[in-house]
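Structure record follows, encoded as C-alpha cells.
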Amino acid sequence: MKFIGIGQTGVGKTELLRSIFRIDGKDKKILEKLRSGAASATTKEFFSFTITNKQGLKVQFTDGPGLGEDAALDENYIEMWCREIPNHDLLYWVLDGPSRDIAHIQRLMRLILDRTGFHNRVVIVLNKVDNFALMEEYRNDGDVVWDIDLNLPTDRLEEIIRLRTDDIVEELSSYARVPRHKIIPCSALKRWNHDKVLEALINSVPSEKRYKVSSNRDVKDFTELMTKNGKSEIADMRGGEKNER
C-alpha cells in the first residue's frame, strides 16, 4: 500500500501519521525522517518510509516539497507532485483547520487533482480543530473549550467545528471538486475523529486493496488520553445504562 501526503509545515501531518498508524518512539529511523521532512519546508526531494503493523500490513508513506507556503516555489513543485502522485494508491492532504487562508490551497488542489485524476483517491484532513477554542473570537466564550477529562470537544466547540468545517467543505467541494465525504475534521494531538480519518483512507484506496487495509486497522483512540476522572465518568454512564435495561 502506498500513500503520499501534502501539507504545509506545522499542520500536524507528522503527528497525524504517528497517531493513526501507531508510530512510536521505538521507530527511531521513521521518526527522524518524519521530523526532518516536517522541518524542511523547502525540501526539493521526495522521501519514503515504510511501516509494518503487528498484523504484517506494510504501508509506504511518501512526503515531498512543501506546497502552499511560497507561490514562486509552488509553480516549480507542481510538476514534480503531478508526476509522483500517480505512483501511489492514495493522496492525503492535511490542512490547518482554523486557518482562513484557503484560496491559495484551493487553486493548488484543483490543479493537482485535475491533472492526476485523484478526485476519488484523495482524503482531505482538517487538522487542529481543537485550536478553534484558542481563536480570538471565541477566547472569552467559556463554553468553547476542550473537555480535558473526557478528551472531547464540548457541545459548543463541536458546533463551531461543524460550522467552520461546513464552510471549508463548501469551498473545496465546489471549487476543487473534492467529494464532501472525503473532507474530515480531526485533532491529531487529541486523537479525535481518527477513526473517521482512517475510515476515509480505507474507502479511498483501490477496491482490490481495501479489504487488506480494513482487516488490519489499528488506530490510536481518543479514550487513551482521557483522565482517570473521565474514564470513571464513562464507566458510571455505561453502568447506568445497563441498570436501566
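Note on TYR92, TYR175: ascending count of other Cβ atoms within 10 Å places them as TYR175, TYR92, the fewest first. Summarising the label geometry, the points placed 7 Å from Cα in the beta-carbon direction at THR227 and LEU111 lie 4.8 nm from one another.
Among the trypsin sites (Lys or Arg not before Pro) in the range 118-188, those located in a DSSP loop and surrounded by at most 14 other Cβ atoms within 10 Å of their own Cβ are ARG139, ARG177.
A simple spin-label model places the labels of ARG177 and LEU73 2.9 nm from each other, with each point 7 Å out along Cα-to-Cβ. Taking the fewest neighbouring Cβ atoms within 10 Å as the starting point, the ordered list for THR9, THR62 is THR9, THR62.
Listing CYS82, CYS186 from fewest to most neighbouring C-beta atoms within 10 Å gives CYS82, CYS186.
Taken together, the values in this text are just the output of simple stated rules run on the coordinates, not laboratory data. Since we're looking at a predicted model, the values are computed, not measured. Virtual Cβ from ideal backbone geometry, glycine too; neighbours counted across all protein chains shown.
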